[in-house]
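What follows is a short report on a single structure.
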Amino acid sequence: MTRMLVVTFAVLCAVPAFADAQPKDVVIGVTYPLSGPVAQVGIDCVNAVKLAAEIVNGKHDLALPLARTEGLPGLGGAKLRLVIVDNQGKPEVGQADAERLITQEKVSALFGAYYSSVTATASQVAERYGVPFLNAESSSPTLTERGFKWFFRTSPHDGHFSLAMFDFMKDLEKRRGVKIKTLGIMHEDTLFGADSAKVQEELARKSGYEVALKMAYRAKTTSLDAEVGKLKAANPDVFLPTSYTSDAVLYVKTAKTLDYVPRMLISQDAGWVDPAFVQEMKSEIEGHITRSPFALDLQAKKPLIRPVNELFKKQKDNPGGRDISEAPTRGITGYTVLVDAINRAKSTNPEEIRKALVATNVPPDQLLMPWTGVRFDEKGQNAGIRAILQQMQKGAYATIWPFDLAAADVMYPLPGFKEKK
């Protein structure tokens, strides 16, 4: 009888104590490459996540989720706290960091990690421990094909992006009366590049284009002379590179030395949109096209972009006051989606957060992106995505496709290096 009373008393006392207990802060682990060849992108993404946390923790007159309240109302006004780590772009570092963030820092969720290869290993750890992992920018299609329960991605993957490239080529052929016959595919040899090239080759076959050349090169290589030489010899109508920043810089310098200019270049984002790459290459990349989920020139159609960009430019770790670019914008989008789910879960319990992520339905007017919303399918992939294409024109990227969103006409064919100023 005494044992029964004790147990009953414990339960009666424990239930209201647990229900009333609200955390003072919600801890989220954030992993990005803050050193190495894409450090600037990583720093920009961390700045974006910090800004998103500041918007949620404070009170701002913005249409972003939770911007107009202070803290997380579903958790009694709890504030967000970030634990930020540098994954160095190395899968093994990302894996070890994820383990430490979960077991030692006791994070409620993980967020990151830019490189698809790092996201793959870090999310495996999250899956094993049963902790939500939200990714905002890694684009390997295989990430959402692993049957994971705890992995969610807000952004398009390379299958979506590559399909946009091929839709654009078909639309351009009709619009300009040009004929594209051959493609050249070159990619770095990590998960990102290999998956991208595989999808592009499949789409080329389905679209009736001949792949004149497909080749991989070692990531972070110091020479692309042989590869660019082969491209020049094959002379494809369209060149499709998949490269991170240092490789993209090396390609442009090598192409200039060898005087190789394809009629059209459509890159798989990554290095081509790194502000450091754009600043260094300047006029050398005039006419280059990149796929993207975001563009600043969409401000007229997405009024939320302007005020968020102004806040981003004032971030203390953005001393040059640079405009927000596509990777950090995806970071803000993904992070606010994660935090919105935590707020709706009214709990830091991983399973409750996972259920809230599954039920996510963020409308387009609360997004910086030109998407139809954020709604996760059964694989954890956002079903509301939409990709755009941009072209470097007069020192800045301009949206050229879909044509109904275009801010500029397509420059075709590419000017030679001697024509660029």
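The values are calculated or read from the model by the stated rules, or taken from the named source; none is laboratory data. Predicted model only: the values in this text are computed from it and were never measured. For neighbour counting, all protein chains shown are included, and Cβ atoms are generated from backbone atoms with ideal geometry for every residue, glycine included. The area values use the complete protein model at the heavy-atom level, side chains included, leaving out ligands, DNA and RNA. Shrake-Rupley method; radii C 1.70, N 1.55, O 1.52, S 1.80 Å.
Quick notes on this structure:
- Sole exception among (1) more than 14 Å from the chain's Cα centre (by Cα); (2) at pLDDT 95 or above; (3) buried (at least 18 other Cβ atoms within 10 Å of the Cβ) for G331, by number: (1)
- A search for C-beta distances below 6 Å between a residue of region 335-355 that is more than 17 Å from R153 (Cα to Cα) and any residue that is acidic (D, E), counting only pairs 6+ apart in sequence or on different chains, returns A345/E352.
- Scanning region 143-157 for residues that are open to solvent by 10 Å² or more (accessible area, probe 1.4 Å) and either closer than 19 Å to M411 by Cβ or modelled with pLDDT under 95 (or both) turns up just one, H157.
- Failed condition for A122, given (1) farther than 21 Å from R386 by Cβ; (2) assigned to a helix (DSSP H, G or I); (3) open to solvent by 10 Å² or more (accessible area, probe 1.4 Å); (4) out of contact with any His (no Cβ under 9 Å at 6 or more places or on another chain): (3)
- Residues of region 202-231 satisfying the condition of being surrounded by fewer than 17 Cβ atoms within 10 Å (Cβ to Cβ) and farther than 14 Å from E188 by Cβ: E202, R205, K206, S207, G208, E210, D225, A226, G229, K230
- Looking across region 67-95, the residues that are part of a helix (DSSP H, G or I) and either in contact with a Phe, Trp or Tyr (Cβ under 6 Å, 6 or more places away or on another chain) or open to solvent by 60 Å² or more (accessible area, probe 1.4 Å) (or both) come down to P73, E92, Q95.
- Some residue of region 330-348 being assigned to a loop (DSSP other than H, G, I, E, B) and in contact with a strand residue (DSSP E or B) (Cβ under 9 Å, 6 or more places away or on another chain): yes
- Within region 368-401, the set of residues being buried (at least 16 other Cβ atoms within 10 Å of the Cβ), touching an Asp or Glu at 6+ places or on another chain (Cβ under 8 Å) and over 25 Å from E310 (Cβ atoms) comprises I400, W401.
- All told, D317 falls short of being open to solvent by 10 Å² or more (accessible area, probe 1.4 Å), within 30 Å of Q22 (Cα to Cα) and of a type outside the set (S, T, N, Q).
- Candidate set from region 96-108 (those that are crowded, with 17+ Cβ neighbours inside 10 Å and in contact with a helix residue (DSSP H, G or I) (Cβ under 6 Å, 6 or more places away or on another chain)); member that is farthest from A345 (Cα to Cα): A98
- Restricting attention to region 232-264, the residues that are open to solvent by 40 Å² or more (accessible area, probe 1.4 Å) and under 21 Å from D195 (Cα atoms) total 1.
- Of everything in region 24-34 that is assigned to a loop (DSSP other than H, G, I, E, B) and under 18 Å from the mean Cα position of the chain (by Cα), the residue that is surrounded by the fewest Cβ atoms within 10 Å (Cβ to Cβ) is L34.
- Hits in region 158-186 - residues which are within 30 Å of R128 (Cα to Cα) and either open to solvent by 30 Å² or more (accessible area, probe 1.4 Å) or small (G, A, S) (or both): G159, H160
- Within region 403-421, tally of residues that are open to solvent by less than 60 Å² (accessible area, probe 1.4 Å), in a loop (DSSP other than H, G, I, E, B) and out of contact with any strand residue (DSSP E or B) (no Cβ under 7 Å at 6 or more places or on another chain): 3
- Boolean, A10 is at pLDDT below 95, farther than 28 Å from A327 by Cβ and of a type in the set (G, A, S): yes
- Residues in region 366-383 that are at pLDDT below 95 and not aliphatic (A, V, I, L, M) were compared, and the one that is nearest to A295 (Cα to Cα) is P370.
- Taken as a whole, the structure leaves G42 outside the set of residues that are over 24 Å from V273 (Cβ atoms) and assigned to a helix (DSSP H, G or I).
- Filtering region 339-374 to residues that are among the β-branched types (V, I, T) and within 23 Å of the chain's Cα centre (by Cα) leaves V339, I342, I353, V358, T360, V362, T372, V374.
- Among the residues of region 289-301, those identified as closer than 15 Å to Q390 by Cβ and open to solvent by 10 Å² or more (accessible area, probe 1.4 Å) are L296, D297, Q299, K301.
- Scan region 187-201 for residues that are open to solvent by 30 Å² or more (accessible area, probe 1.4 Å) and in contact (Cβ under 8 Å) with a residue 24 or more places away in the chain and the total you get is 3.
- Of all residues in region 124-135, those that are at positive phi have Cβ atoms under 6 Å from Cβ atoms of residues that are modelled with pLDDT of 95 or more and open to solvent by 10 Å² or more (accessible area, probe 1.4 Å), 6 or more apart or on another chain, in G130/P350.
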